[in-house]
1. Which fully enclosed helices (runs of 4 or more DSSP H) of the range 1-82 have 3 or more residues being of a type outside the set (A, V, I, L, M, F, W, C) and under 26 Å from residue 274 (Cα atoms)?
2. If you scan the range 289-310, which residues turn out to be hydroxyl-bearing (Ser, Thr, Tyr) and either modelled with pLDDT under 95 or not in a strand (DSSP E or B) (or both)?
3. Looking only at the range 15-58, which residues are among the β-branched types (Val, Ile, Thr) and closer than 18 Å to residue 281 by Cβ?
4. Which of the helices (runs of 4 or more DSSP H) found entirely inside the range 192-281 contain at least 1 residues meeting this: among the aliphatic types (A, V, I, L, M) and buried (at least 22 other Cβ atoms within 10 Å of the Cβ)?
5. How many residues does the range 128-167 contain that are under 23 Å from residue 360 (Cβ atoms) and part of a strand (DSSP E or B)?
6. Output the number of the condition that residue 290 fails; it satisfies all remaining conditions of (1) surrounded by fewer than 22 Cβ atoms within 10 Å (Cβ to Cβ); (2) at negative phi.
7. Pick from the range 77-87 the residues that are in contact (Cβ under 8 Å) with a residue 60 or more places away in the chain and out of contact with any Asp or Glu (no Cβ under 8 Å at 6 or more places or on another chain): which of them is surrounded by the fewest Cβ atoms within 10 Å (Cβ to Cβ)?
8. Considering only the range 160-186, state which residues are closer than 17 Å to residue 266 by Cα and surrounded by 21 or more Cβ atoms within 10 Å (Cβ to Cβ).
Amino acid sequence: MTPIRVLHLDSERTWRGGERQVLELMRRQRTRGDAPVLLAPASGALFSRAAAEGIPAEDVAMRGTWDLASVLRIAQITRAARPHVVHWHAARAHALGAMAAVLSPGPKRVLSRRVDFPVRGSWGSRLLYSLPIEAIAAISVGVKDALVRSGVPESRIQVIPSGVDLAPFDAPFDREAARRALGVGPGTILAVQVAALAPHKSQATLLQAAALLGDRCPTLRIWIAGEGELLETLRSEHAALKLGERVRFLGFTSDVVTLLRASDLFVLSSYLEGLGTSIVDAMAASLPVVATRVGGIPELVRHGETGLLVPPRDAGALAEALLALAGDPERRATMGARGRVLSREFSADRTEASTRALYEHLLGEAPGCP
């Protein structure tokens, strides 16, 4: 099998789901024998993690949508590396990469689209999506539908769901010992959310739901793992609602696997969500899920089977769903077992294989000289 040379462009500096997907993809491409190279800001988390694993990485500042110095650098690297494919992974990377592709044509151009809102109607966005591109890899049917509604030709869109590394969830695990180490008391029902503290994750709705529950389920605790720009705002809301120890902010959590496997259920309160790989993690940990019916989430959470779906920004419905599962351990176990089976369909290995198949299709099954 001929190795495929791929330039991956990611402009983000934070460590979120999209950057995790890029790293998982590059890991598996390298294992397969392909040759991934990352173009990203050296100050970003993805750059440092990739470099630490020996994945070739080039520093490209990508300071803004019209950073012409970065456009020229991307074009220069592209001409020198002669990749078969350039793969863009974020909006700014798309904009800069598309302009660089005009200066250094040749490689096939692929964009990963991870958000479920329509393409913005500005002239800049319309221009961007009119520039040459061979394929858009949408992470869910929900994302694909949003693109089609925006006027993007359906023929250019391939649905390739995000995936997670399932191996850590298959390792032996002492759940009771983990709960003791985390300080989870006997009889506590622990609901966990793992998400950036960002507006579209709508943690404020979750706090309001916790307040509405009041003392109806005194054993329920909600822990929110993640960091972001809304931390102080959410802490103020937490204090105003007098939630005390019923809701706890954990900050950045490096061992998400242990946290999930020690928990009883998972909750995601987003009002926008392309897919939600944190849900896949939760299902791999055999957790039932309470989540909102938005974007690609219903492709993961089968209502009444692997979890419960509620309308976005509806604190009352979210509270009732949490209460329903917190009070029914048998239902939680049944839903968690079904979710674990479904999670096998959303592995990082499958994502890489589907991405590779897309590359091969664009290259005419066998990569030639770009």
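The values are calculated or read from the model by the stated rules, or taken from the named source; none is laboratory data. Keep in mind that this is a model prediction, so the values were computed, not measured. Using ideal geometry, Cβ is built from the backbone for each residue, glycine included, and neighbour counts are taken over all protein chains shown.
1. Numbers: elements: 17-32, 45-52, 68-81.
Result: 17-32.
2. The one that is hydroxyl-bearing (Ser, Thr, Tyr) and either modelled with pLDDT under 95 or not in a strand (DSSP E or B) (or both): 306.
3. 22 - this is the single residue of the range 15-58 that is among the β-branched types (Val, Ile, Thr) and closer than 18 Å to residue 281 by Cβ.
4. Ranges flagged: 203-213, 256-261.
5. Selection size over the range 128-167: 7.
6. The one condition residue 290 does not meet is (1).
7. As a first pass, look at the range 77-87 and keep what is in contact (Cβ under 8 Å) with a residue 60 or more places away in the chain: 77-78, 81-87.
From what's left, out of contact with any Asp or Glu (no Cβ under 8 Å at 6 or more places or on another chain): 78, 81-87.
Details: 78: 23, 81: 19, 82: 13, 83: 23, 84: 23, 85: 24, 86: 31, 87: 28.
Among them, the one singled out is 82.
8. If the condition is that a residue be closer than 17 Å to residue 266 by Cα and surrounded by 21 or more Cβ atoms within 10 Å (Cβ to Cβ), then 164 is the only one that fits.
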